[in-house]
Amino acid sequence: MAYKNYILVCGGTGCESSKANDIFENLKKEVTAANLDADVQVVKTGCFGFCEQGPIVKILPDDAFYVQVKPEDASRIVSEHIIKGRPVAELLYDAGKDKGRVRLKDVPFYQKQYRIVLRNCGVIDPRNIDEYIARDGYAALEKVLFSMKPDDVIDELKKAGLRGRGGAGFPTWQKWLFSQKVQSDVKYIICNADEGDPGAYMDRSVLEGDPHSVIEAMMIAGRTVGAAQGYIYIRAEYPLAISNLEKAIDDAREYGLIGKDILGSGFDFDIEIRLGAGAFVCGEETALMASIEGQRGMPRPRPPFPSVKGLWGKPTVINNVETLANIAVIILKGGEWYGSIGTATSKGTKVFALTGKISNSGLIEVPMGTTLREIIFDIGGGIRNGKKFKSAQTGGPSGGMITEEYLDTPIDYENLQVLGSIMGSGGLIVTDEDDCMVDVAKFYLGFTVDESCGKCSPCRIGGRQMYDLLEKITKGSGEESYVEQLERIGHAMKRASLCGLGQSAPNPVVSTLKYFREEYLEHINEKKCRSGKCKDLLKFTILPDKCIGCTLCARVCPVNAITGEKRQPHLINQELCIKCGECYTSCKFSAITRS
Amino acid sequence: MPNATETCACAQETDEQKYERIAEIIEGYGAQKTNLIQILHMAQGIFGYLSLELQQFIADKLRLPLSEVYGVVTFYSYFSTTPRGKYTIGVCLGTACYVRGGKKIIDRLKEILNIGPGETTPDQKFSLEVMRCIGACGLAPAITVNGKVHKQVNADKLKTLIANL
Ligand SMILES: Cc1cc2nc3c(=O)[nH]c(=O)nc-3n(C[C@H](O)[C@H](O)[C@H](O)COP(=O)(O)O)c2cc1C
Ligand code: SF4
């Protein structure tokens, strides 16, 4: 049945947190009240990606794009737009001065994007298997089951040039081939949905918005390598994704798409969900498998690689969520088509979680080879509050910084590595002039030190030592020799750690030392933090000639460190001051300096 | 397989009934030790935390030494061995939230609640947690209250939020 209008409400975690559910319910009520149930369908979809502007409501076929919608707007949307055909101008996205309020296709955020992985996110109801099927869902599985041999599938992936999106960028076809070649009665497929990188949520959105695409790909992998059991290892912190996945698996089972003798092909495949429990290192493939086996998630040396000896000692293909979300499209449209997108070494698209000091935070998908400048300034709308760009960080705690001068580098696996960063899983965090690079490096290292499993000493001890050095530098007791010590320990960790966590943990420090060495030296020699983030190096003073004695600062100071008579210049007691900066931000007369 | 996200449905249950329910869950998993983590998830969902007694109970049922169960419980930060408050406030300190002021939110909450991360107020009403990226980066800085995400919080929003709990 075709409807005249479709109202799509974003039901991703982002929009949920701002009452998307109420908006959805209200819209349904309004549609029913207007007797339009036969003409209008209200659908709750996965994430649209433009999280900064949420909650978002889209109306098809008119292509209207409503942002920051409130539950009470439901009646306007139905009575004005649906019934009278007049879009609610006030709610349309405002693209700025010269463009004004625009329709979906003119929203700059989407113009340079190319959606393969996110093809269904924000388009279909993820909890309705029929909608997935209507958009060629499970057609790739059918093709693989009935008209392709396992070798054909691997060939197609080879032509496509798909590389793992979980961080390392290993060619997917090779991984599958290794596993296929091993003789074994039992093999496994694992979907890595642990997404531990702090500052990334691509995988969450795919699982929330299009869970069947991952399930279908796991089955294709199973058929290709000869596995009958799959596991999805997902973070417990993602309740909506878990719930949508559970529903998807149940529905697929009901449709005979999971289970025994799938579609009469004789192929059996089943999928189970396993919850993570808050350990970053469990994203590492061998640790993840230990965790599925019910143990502490500690990595083990490789080789043997999982493709040969993985879960319970059996050959195991382990792929990231985003990697898998590409598979069905490649099977249907062909490896050649996919291989035509991107750069020489990196094919297809990449999803990034664009966050930090950027105007348009959100989830974006661009062809490989897009430049950071396009991502940050065209799609992301530039830096918030007119501040100056400082760096873009990719690869999370395993990655590094990219500075202004390299913004025009086309993004692919190799280019990022040359710059001292990595593609990583897709976190892209933008910092501005207010961010201290030493502090950011310390933040990442603090994360890896916390998350180190402690199995090997280079990571366990080296990480702690490096952190202590950074701590001293940011507290004003650093010495110049620390810089070299940091580099030396970092080098040792890189070479001697057992797993990727320890090997890459020094990267943020090494990279900031490379591009922002002068900031480190400033902290050490001048005891100065130019961005004002390192509190111990700050001093707040009141300028007597500017202070009019309004008493505001004395009132906001949480520790009563400011004294003074009304209409007389005030004074900060430096002994008491905890350097919170409340006075500095509240003074209306610019009478307080920070140095 | 039992539903993986099942949590406590009724607060009126006695401890005995809770233990019974956990025993059933363990049975449902065929008392296999490879399901230890799933079982711990559900046990924590039912009791709110994993006391040593509860860990011993699970260890016995799975025929594992307590040390192994304890080892797993303490390895994963999601598991708690102390009772939680009625409301667990989780402050995200993932990178996006960090650069958009997550640390200030923590400081403010410490002031308001008078407890540090990992602690619970004496009246058992609030627990404070630091979280490592909840994947709500587009909404930074974000916090969760009993799992529900609240976006773009600031000092004012915090006060009203807590006053309304
Ligand atoms: C410390 C650490 C954390 C990792 N976290 C993840 C993760 O959260 N998600 C993921 O897909 N891969 C993660 N990986 C990479 C996996 O080990 C593995 O390479 C990946 O899942 C393979 O899938 P792919 O080939 O599809 O990329 C991590 C690696 C390390 C060393
Ligand atoms: S490098 Fe770190 S996380 Fe990896 S095994 Fe060694 S201690 Fe554990």
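The values are calculated or read from the model by the stated rules, or taken from the named source; none is laboratory data. Nothing here was measured: the structure is a model prediction, and the numbers come from that model. Using ideal geometry, Cβ is built from the backbone for each residue, glycine included, and neighbour counts are taken over all protein chains shown. Surface areas here come from the heavy atoms of the whole protein model, side chains and all, with no ligands, DNA or RNA. Shrake-Rupley method; radii C 1.70, N 1.55, O 1.52, S 1.80 Å.
Per residue of peptide B:126-135, the mean number of Cβ atoms on other chains within 10 Å of the residue Cβ is 6. The slack in the chain from B:Glu27 to B:Glu13, taken as 0.36 nm per residue of separation less the alpha-carbon distance, amounts to 3.1 nm. Its DSSP H runs of at least 4 residues, each contributing -39,500 (n - 2.57), put the calculated 222 nm mean residue ellipticity of chain A at -10000 deg cm²/dmol, to the nearest 500. The phi-based Karplus calculation (6.51 cos²θ - 1.76 cosθ + 1.60; θ = phi - 60°) puts the 3J(HN,Hα) values of the range B:129-145 at 9, 9, 10, 9, 6, 9, x, 10, 4, x, 10, 5, x, 10, 10, 10, 10 Hz, whole numbers, x for Gly and Pro. Per the Debye formula on identical point scatterers at the alpha carbon atoms of the range A:33-89, with no solvent, log10 I(q)/I(0) at q = 0.15, 0.23, 0.29, 0.30 Å⁻¹ is -0.44, -1.04, -1.47, -1.51.
Near A:Asp62: Cβ cut-off under 11 Å, other residues only, Lys/Arg at +1 and Asp/Glu at -1. The net charge is +3. For chain A, the share of DSSP beta bridges that are antiparallel, to the nearest 5, is 55%. Can you give the net charge of the other residues whose Cβ lies under 10 Å from the Cβ of B:Ala142, counting K and R as +1 and D and E as -1? Local net charge: +2. Remark on A:Thr316: its backbone amide H falls under 5 Å from those of A:Tyr188, A:Ser307, A:Val308, A:Lys309, A:Gly310, A:Leu311, a criterion applied only to residues 5 or more positions apart or on other chains, H modelled at 1.01 Å from N. The angle separating the long axis of helix B:15-28 from the principal Cα axis of greatest extent in chain B is about 70 degrees. Between the Cα long axis of helix A:211-225 and the first principal axis of chain A there is an angle of about 60°, rounded to the nearest 10. Judged by the mean number of other Cβ atoms found within 10 Å, the most tightly packed of the peptides A:295-305, A:394-404 leads the ranking A:394-404, A:295-305. Computed on protein heavy atoms with a 1.4 Å probe, the accessible areas place A:Val418, A:Val483 in the order A:Val418, A:Val483, largest first. Dividing the alpha-carbon radius of gyration of the protein assembly as shown by the rule-of-thumb value 2.2 N^0.38 Å gives 0.97. For the protein assembly as shown, with all protein chains in place and a probe radius of 1.4 Å, 49% of the accessible heavy-atom surface sits on carbon or sulfur.
Computed per residue of chain B from DSSP H runs no shorter than four, each worth -39500 (n - 2.57), the mean residue ellipticity at 222 nm is -13000 deg cm²/dmol.
If every alpha-carbon in the range A:349-432 counts as one equal scatterer, what log10 I(q)/I(0) does Debye give at q = 0.12, 0.27 1/Å? Scattering profile of the range A:349-432, log10 relative to I(0): -0.27, -1.59. Remark on the range A:129-339: Rg and Dmax equal 15.7, 44 Å (Cα only).
Between the amide H of A:Gly49 and those of A:Leu363, distances stay under 5 Å, these residues lying 5 or more places away or on another chain, with hydrogens modeled in the peptide plane.
Modelled spin labels at A:Glu484 and A:Glu404, positioned 7 Å past Cα toward Cβ, are 3.1 nm from each other.
Pick from B:Val153, B:Val99, B:Val130: which is most flexible by mean-square fluctuation in a GNM of chain B where alpha carbon atoms under 10 Å apart are linked? Result for chain B, Cα springs under 10 Å: B:Val99 fluctuates most.
Please give the total accessible area that chains B and A bury against each other, computed with a 1.4 Å probe and expressed in Å² to the nearest 100. That pair hides around 3900 Å² of surface in total.
Each residue of the range A:483-498 is assigned a 3J(HN,Hα), and the resulting list reads 4, 5, 4, 4, 5, 5, 5, x, 4, 5, 4, 4, 7, 10, 6, 6 Hz, derived from the Karplus form 6.51 cos²θ - 1.76 cosθ + 1.60 (θ = phi - 60°), x at Gly and Pro. In chain B, Rg over Rh equals 1.02, where Rg is the alpha-carbon radius of gyration and Rh the Kirkwood radius from pairwise Cα distances. Per residue, the convex hull spanned by the Cα atoms of the range B:87-163 measures out at 71 cubic angstrom. Ranking of A:Tyr3, A:Tyr520 by solvent-accessible surface, largest first: A:Tyr3, A:Tyr520 (1.4 Å probe, protein heavy atoms only, all chains present). Residue by residue along B:74-81, Cβ atoms of other protein chains within 10 Å of the local Cβ number 5 on average.
Taking amide hydrogens as placed 1.01 Å from N in the peptide plane, the amide H of B:Thr88 sits under 5 Å from those of B:Ser127, B:Asn146, each at least 5 positions away in sequence or on another chain. Judged by the mean number of other Cβ atoms found within 10 Å, the most tightly packed of the peptides A:354-366, A:145-157 leads the ranking A:354-366, A:145-157. If you take all other residues with their beta carbon under 15 Å from the beta carbon of A:Glu237, and give Lys and Arg +1 and Asp and Glu -1, the sum is -3. Per residue, the accessible area of the range A:129-339 comes to 32 Å² when a 1.4 Å probe rolls over the protein heavy atoms. With each label modelled as a point 7 angstrom along the Cα→C-beta vector, the A:Lys247-B:Asp107 pair spans 4.2 nm. Using the Cα coordinates of the range B:28-105, the gyration tensor eigenvalues translate into equivalent-ellipsoid semi-axes of 31, 13, 11 Å, sorted from longest to shortest.
Is the shape of the range A:252-347 rounded, prolate or oblate, going by the alpha carbon gyration tensor and its root eigenvalues a ≥ b ≥ c, with a/c under 1.5 for rounded and a/b larger than b/c for prolate? In terms of gyration-tensor shape, oblate.
Averaged over the residues of B:98-111, the number of partner chain Cβ atoms lying within 10 Å of the residue Cβ comes to 3. Taking the range A:236-386, how many lysine pairs are there with alpha carbons less than 24 Å apart, if each pair must be eight or more places apart or span two chains? Close lysine pairs found across the range A:236-386: 4. Taking the square roots of five times each eigenvalue of the Cα gyration tensor of the range A:437-526, the equivalent ellipsoid has semi-axes of 22, 12, 11 Å, listed largest first. Packing order of peptides A:76-85, A:206-215, B:69-78, highest average first: A:206-215, B:69-78, A:76-85 (average count of other Cβ atoms within 10 Å over each peptide's residues).
For A:Lys159, the solvent-accessible surface with a 1.4 Å probe is about 100 Å², rounded to the nearest 10.
For the range B:10-75, the per residue solvent-accessible surface stands at 49 Å², with DNA, RNA and ligands left out and a 1.4 Å probe. Report, in degrees rounded to the nearest 10, the 0 to 90 angle that the Cα long axis of helix A:150-160 makes with the longest principal axis of chain A. Rounded to the nearest ten degrees, it is 40.
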